[in-house]
Amino acid sequence: LNDNPPHYKIRLSGTAKSPQINFDPPFIMLMPVPLDVKTETAITIVPEDYLRQSRLQVELPELELEDGSRICPFTVQFTEGQDIVLSSDGTNKEIICHISFRSSRPVSFLGNIFFIDEEEN
């Protein structure tokens with residue numbers, strides 16, 4: 001044995017999980033309202049597989065009007081903060097988000113609002 005050291009094989013297997021966020025509901029439709037009146041809805045952001053805390057950032061669309069001017073009629077508010085937190089049971093806490101729209105000019109929009117974590121996912 002001294003001249004021939006033993007060889008050990010170790011077999012490892014695993015699954016890599018990438019952090020992701022889901023939305024409930026998965027899309028929103030804000031109702032038409034008179035000019036300069038706010039319409040709002042709440043969504044639940046459901047983070048999955050985050051192993052450490054991360055903070056969400058939001059990219060809101062800027063809309064171009066017929067005259068070429070640009071507006072950003074959307075606002076986003078997080079009622080209890082925008083941090084993705086790992087709970088003691090190993091799950092991520094849901095985040096409530098309020099999305100509102102208000103415009104003093106007539107406009108309609110179909111597009112995306114992007115939620116991005118600290119690692120730019």
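Couple of notes before you dig in:
- For segment 84-96, putting each phi into the Karplus relation 6.51 cos²θ - 1.76 cosθ + 1.60 with θ = phi - 60° gives couplings of 7, 10, 8, 6, 5, 8, x, 9, 9, 6, 5, 10, 9 Hz, in residue order, rounded to whole numbers and with x for Gly and Pro.
- Mean-square fluctuations from a GNM of the chain, with a 10 angstrom spring cutoff on Cα atoms, peak among 87, 104, 13 at 13.
- Cα gyration tensor shape of segment 41-92, rounded if a/c is under 1.5, else prolate or oblate by comparing a/b with b/c: prolate
- Considering only 26, 12, 42, the residue lying farthest towards the positive end of the dipole of segment 1-52 is 12, judged by Cα position with unit charges set on Cβ.
- All other residues whose Cβ lies under 13 angstrom from that of residue 43 are scored, Lys and Arg at +1 and Asp and Glu at -1, for a net of -3.
- Backbone geometry of segment 27-34 corresponds, through the Karplus equation with coefficients 6.51, -1.76 and 1.60 at θ = phi - 60°, to 3J(HN,Hα) couplings of 8, 10, 9, 8, 6, x, 9, x Hz, x marking Gly and Pro.
- Restricting segment 1-102 to chymotrypsin sites (Phe, Trp or Tyr not before Pro) in coil, as DSSP defines it, with at most 11 other Cβ within 10 Å: 8, 27
- Placing unit charges on the Cβ atoms only, positive for Lys and Arg and negative for Asp and Glu, gives the chain a dipole magnitude near 240 debye about its Cα centre.
- For the chain, the spread of Cα positions along the three principal axes, ordered from largest to smallest, is 87, 33, 19 Å.
- Under 5 Å between amide hydrogens, built in the peptide plane, is the criterion, and for residue 93 it picks out 85, 87 among residues at least 5 positions away or on other chains.
- Split the accessible area of the chain by element, probe 1.4 Å, and carbon with sulfur accounts for 49%.
The values are calculated or read from the model by the stated rules, or taken from the named source; none is laboratory data. None of these values were measured; they are calculated from a predicted model. Please note: Cβ atoms are built from the backbone with ideal geometry, for glycine as well, and neighbour counts cover all protein chains shown. We work out accessible area using only protein heavy atoms, side chains counted, and drop any ligands, DNA or RNA first. Shrake-Rupley method; radii C 1.70, N 1.55, O 1.52, S 1.80 Å.
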